[in-house]
Structure formats: structure tokens, C-alpha cells
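Have a look at the structure below before the remarks.
Bear in mind that the values in this text are calculations on the coordinates, not laboratory data. Everything numeric here is computed off the predicted structure, so don't read it as measured data.
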Amino acid sequence: MTLRVGATLILISQLLLAWVGLDPNGTSAIWFTFVGTPCLVIGIVLATFGMRRPS
């Protein structure tokens, strides 16, 4: 379950990053900075924790 939540958060951050690439303006950059980056960091931590924990 932890691995799936982490993967979902990483995908959300990548979608926000794609939005910045497709429409580079202040709004998309702010969304990626304040929403995408924390989602990426938390997703990586949860995914790493989920992979290390024995099933």
C-alpha cells in the first residue's frame, strides 16, 4: 500500500512538471514548486520505505 501511494505522489509531481514544460508561466511554476516538489519528496520516501519493508 505504501509503495502505491508513493508511486501515485511521484506521478502527480511528474504531471505538474509536464504542465510547466507545456505552459511555462508563473502559475505552473508556483504549483510545481509548492505542490509538485513536496509530492516528489514524500513519494520517494514512501516508495523507498515500501520497497525496504518485507512483505
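Observations, loosely collected:
- Whole-number D in µm² s⁻¹ for the chain, Kirkwood Cα-pair radius fed into Stokes-Einstein, 10 °C, 1.306 mPa s: 139 µm²/s
- Backbone geometry of the stretch 27-35 corresponds, through the Karplus equation with coefficients 6.51, -1.76 and 1.60 at θ = phi - 60°, to 3J(HN,Hα) couplings of 5, 5, 5, 5, 4, 5, 5, 9, 10 Hz, x marking Gly and Pro.
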